[in-house]
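Let me begin by presenting the structure, written as structure tokens, before commenting on it.
Read the figures in this text as sums done on the coordinates, not as results from a lab. All figures in this text were calculated on a predicted structure; none of them were measured in a lab. As a convention, Cβ positions derive from the backbone with ideal geometry for all residues, glycine included, and neighbour counts pool all protein chains shown.
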Amino acid sequence: MREPIRVLALLPGPTWTKVGVFDGEKAVLVETLHHPPEEIDGETPRDQFLCRKQVVLDALDREGINLTRLRAVAGPGGFTRPLPGGTYRVAEAMLEEIRSGADGHLFHLGGLLAYEIASPLHIPAFVVDPVTMDGMEAVLRLPEFPDMGRCGPFYSLHQRAAARRVAARIGKRYEEMNAVVACLDGQITVGAHRGGWVIDMNGGFDEGGAPEPGGGHAARARHPDGERVDMTVGDPGSSKSRDAGVRRGAEERGCREKAYRVAKEIGGCAAVLGGKVDAVVLTGRPACGKMFTEEIVRRVSWIAPVHILPEDDLLRSLAEGALRVLRGEEDVREYSPADYEKGVEGIHG
């Protein structure tokens, strides 16, 4: 019997690194490694790299993971030049850009950690769906200003992974599906997916509630005097409880207003797709919770069936990106800054 393909997936966060070992689609190990501030050397990703790498290797050794069984290491893509989505091999051209930007976004650490762990093992390192993915339609660009319509940074990994899961659920390939995906974590992004490309995307706006290490959010509201406050609930009848009631009312109004804006963006993406939409997908963990998503569903369910994926399992999504390449289901992409000059016409052929 053939051994399953084993992939290590790494997801760096502000004070943690998530580690996943997958045998095919089966998770063998999923762990969040916390980095107390005093244990992280330096403030920038570049400064933290060696410390995080050692913590990851120590954890794998502690859990008895045999590194020689790994076939690839995958991480999220950082801020490279805008390129098509997909799984990219981390090689010299990409490493140059990652290293030059490694004092910026934490996602730069994804490719760097993957490469440094994979290289001594003589296995490939990949980044999956970098945040600077660009598949926008040519109609969005003016010939005189080719960069004007380029998609800004967004969490393309969240968007495309959710779309792929729903495509499998409805019996289609992602590349054959039209979908509108709303990612409701932190900065809300809504994208129009057609034929495997995100062809249009909103600029993102704040859903409210600061992201926390576990992926959740702190529930927040806006007090009538305009101040943002954490929700508190006291004893029934107390002044604190009455004040909390006012705040809950403000929070509900805020959530309904944000749901209205999300629904409006979803409707706009449906228009971009000519009304031919196979699925509307809501993913992520919104601060406003069930009421928020229910309000969105009420407003957009006429467009297409709405699928809610509350868990965005990014470690699994990273592993799946590597697996598609290792199984020959998808061509690996080679990062070339020159591809940036081709524009969307080169992307779509």
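Which order do peptides 170-178, 19-27, 259-267, 189-197 fall in by mean Cβ count within 10 Å, highest first?
Numbers: 170-178: 14.3, 19-27: 17.3, 259-267: 19.4, 189-197: 24.0.
Highest-to-lowest ranking by the protection proxy: 189-197, 259-267, 19-27, 170-178.
Near the amide H of Arg285, under 5 Å away, which other amide H atoms are found, from residues 5 or more places off or on another chain, if H is placed in the peptide plane?
Here Leu184, Asp185 satisfy the definition.
Could you tell me which trypsin sites (Lys or Arg not before Pro) in segment 300-335 are loop residues by DSSP with no more than 12 other beta carbons within 10 angstrom of their beta carbon?
For trypsin sites (Lys or Arg not before Pro) across segment 300-335 that sit outside H, G, I, E and B with at most 12 neighbouring Cβ atoms in 10 Å, the list reads Arg327.
Can you list residues from other chains, or at least 5 along the same chain, whose modelled amide H is less than 5 Å from the amide H of Ala74?
For Ala74, the qualifying residues are Leu8, Ala9, Leu10, Phe126.
³J(HN,Hα) across segment 294-309 via Karplus (A = 6.51, B = -1.76, C = 1.60, θ = phi - 60°), whole Hz, x for Gly/Pro?
4, 5, 5, 4, 4, 8, 10, 5, 6, 6, 5, x, 9, 10, 10, 10
List the residues, sorted by chain then number, that are 5 or more residues from Arg333 or on another chain and whose placed amide H is less than 5 Å from its amide H.
So Arg333 has HN proximity to Thr87, Tyr88, Arg89.
Pop a pseudo-label 7 angstrom from the Cα along the beta-carbon direction at both Gln54 and Ser301 and give the gap in nm to one decimal.
According to this spin-label approximation, the distance is 5.5 nm.
Sort the following peptides by mean Cβ neighbour count (other Cβ atoms within 10 Å, averaged over residues), highest first: 294-300, 116-122.
My ranking of the peptides, most packed first, is 294-300, 116-122.
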